[in-house]
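S.K.: Here it is, the structure in full.
The values are calculated or read from the model by the stated rules, or taken from the named source; none is laboratory data. None of the values given here were measured: they were computed from a predicted structure. Note that each Cβ is placed from the backbone with ideal geometry, even for glycine, and that neighbours are counted across all protein chains shown.
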Amino acid sequence: MKPFELSIAQAITMMEKGELSSLEITRSCLERIDEVEQEVCAFITIDKEGALRQADEADRRRKAGAAGKLCGIPLTIKDLLSTKGLKTTCGSKILENYIPPYDATVVEKLKDEGAVILGKVAMDEFAMGSTSETCAFGVPRNPWKKGYVAGGSSGGSAASVAAYECFGSLGSDTGGSIRQPASLCGIVGLKPTYGRVSRFGLTAFASSLDQVGPLCRTVEDCALMMNVISGYDQRDSTSVQQNVPDFSSSLVHGLEGVRVGVPREYFTEGLDPEVEAIVRNSIEVLRQRGAKVIDVSLPHTEYCVAVYYLIAPSEASSNLARYDGVHYGYRDMEADTLLDMYKKTRSAGFGAEVKRRILIGTYALSSGYYDAYYKKASQVRTLILDDFKKAFHSCDLLISPVTPTAAWRMGENTEDPLAVYMSDILTISANLAGIPGMSVPGGFTESGLPVGVQLQGGHFQEEMLLKAGFNLEQGLQLGRGKLDLG
């Protein structure tokens, strides 16, 4: 087994025993990037020199007895998290050459624990998309099958982890952007409870929905990353003062006494039969490991897409107003007037999908329409939250598909944005309710595409999701599978 094929937990153990160094592991990842990146296209920025320097420092820290929790582990960062001295583009031409003067809190925490940052990975522009095809700097590809999407908006994160270019990645999830690409790329992705992980330094898309989380190859690795990135941050007004448990301690065998709810609204028309079969099999695995399975209802599920695509674009319209060519980012230098500069800068700097959502959001917030659209959507959002609260009175977690289908061909839905929007129908409700959600690999279609299983829990119940995910992983024993990388 090559060093880049290890899990985070395995690599830490080997470094602790002196059997492997961070420099060896990091060089192995960089060699892997050189080997497959032309096909995967996961990166926007690769920082080879910086990574090797950080790896060398990690080895020195370990020798001095000052190793952090992720000391020497090579990771990638979604390109909307600020990284001091390293380009942060958000996948957009409007920020093509922007270099932040500070680190996001989560990046700061990773560095404090000795992690090695390999670079920044591709994403849908400003996280607006479900395929990463709106990225202005190249589209990441699914490592399992050539010509297929990696998912989005954290497509580069998922692809880089699945292709063994790194050990784990930080992504963000506004409507499924961690869980969906994790599912399509056959890895583990966790969206924490809103407020569990700091958003300081995360470029905002929809401030009441965005949350940072890990993407890894195993549930254990996700728990290790959660131990580092979780916690209160006074720089983030949405951060919650909640005790951070040792998430790794939740990885125990057996689910006796755990009640698993199966929401009937998530198994309806449009769900691919292969996806349903994989999820049903996963339900049986949890049952065999001691869980009690019950049927539950989330009656307002049918309104989730409509609610999300009013609230998210409205907040995006407000958040993206700052990109005006004045303070930082791209600026049109040919404009004659200030208003003309605004128009030309934003027209040239933003892609079609971002402009579409800004227009939708601006309309929904405009005078005479606010009550009919944004306010009404916010009221229905409360009903969706109430659905989850009622469901969690009778169960401890929910199990369902992550997406209605496995990955689809690149370019297949680029002319039909509504079809892409509908692919998020099973994930966006967790963001609207602020609850944690997780994707765990459940199996493969006959054509070899991975399918994830979604676990959702009550607020701050990440330990329950990790426990269930660990048992599902152990029960399925899927193995490594075969990537399609030549």
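S.K.: In the stretch 313-329, what residues are of a type in the set (K, R) and buried (at least 24 other Cβ atoms within 10 Å of the Cβ)?
M.R.: Correct list: empty.
S.K.: Something else now. Residue check, E302 against (1) among the charged types (D, E, K, R); (2) touching a residue at least 12 places away in the same chain (Cβ under 8 Å); (3) within 25 Å of G257 (Cα to Cα), all met but one. Which one?
M.R.: It fails just one condition, (3).
S.K.: Given the criterion of a type in the set (A, V, I, L, M, F, W, C) and crowded, with 24+ Cβ neighbours inside 10 Å, identify the matching residue among I435, I384.
M.R.: Checking each option against the conditions leaves just I435.
S.K.: Testing V420 on (1) surrounded by fewer than 23 Cβ atoms within 10 Å (Cβ to Cβ); (2) assigned to a loop (DSSP other than H, G, I, E, B), one condition comes back false. Which one is that?
M.R.: Exception for V420: condition (2).
S.K.: Quick check: anything in the stretch 66-80 hydroxyl-bearing (S, T, Y) and either surrounded by fewer than 24 Cβ atoms within 10 Å (Cβ to Cβ) or without any contact (Cβ under 8 Å) to a residue 24 or more places away in the chain (or both)?
M.R.: There is no residue in the stretch 66-80 that is hydroxyl-bearing (S, T, Y) and either surrounded by fewer than 24 Cβ atoms within 10 Å (Cβ to Cβ) or without any contact (Cβ under 8 Å) to a residue 24 or more places away in the chain (or both).
S.K.: Being closer than 22 Å to T203 by Cα and either part of a helix (DSSP H, G or I) or among the polar types (S, T, N, Q) (or both) is the filter here; which residues of the stretch 323-342 pass it?
M.R.: Within the stretch 323-342, Y342 is the sole residue that qualifies.
S.K.: Using beta carbons and a limit of 8 Å, which pairs, at least six apart or on different chains, have the first residue in the stretch 369-396 and closer than 10 Å to G458 by Cα and the second one at pLDDT 95 or above and among the basic types (K, R)?
M.R.: Qualifying pairs under 8 Å: C395/R259; D396/R259.
S.K.: Further question on the same structure: Is it the case that S314 is within 25 Å of K93 (Cα to Cα), part of a helix (DSSP H, G or I) and within 22 Å of the chain's Cα centre (by Cα)?
M.R.: Taking the combined requirement at face value, the residue satisfies it.
S.K.: Follow-up. For the stretch 249-282, give me the residue count where each residue is among the hydroxyl-bearing types (S, T, Y) and surrounded by fewer than 15 Cβ atoms within 10 Å (Cβ to Cβ).
M.R.: The number of residues fulfilling the criteria is 2.
S.K.: Moving on to the next point. In this structure, does A372 turn out to be of a type in the set (G, A, S) and in a helix (DSSP H, G or I)?
M.R.: Yes: the conditions hold for A372.
S.K.: Out of the residues in the stretch 385-428 that are among the β-branched types (V, I, T) and over 21 Å from L190 (Cβ atoms), state the one that is farthest from the chain's Cα centre (by Cα).
M.R.: T414
S.K.: In the stretch 375-391, is there at least one residue being of a type in the set (F, W, Y) and out of contact with any helix residue (DSSP H, G or I) (no Cβ under 8 Å at 6 or more places or on another chain)?
M.R.: The answer is no; no qualifying residue exists.
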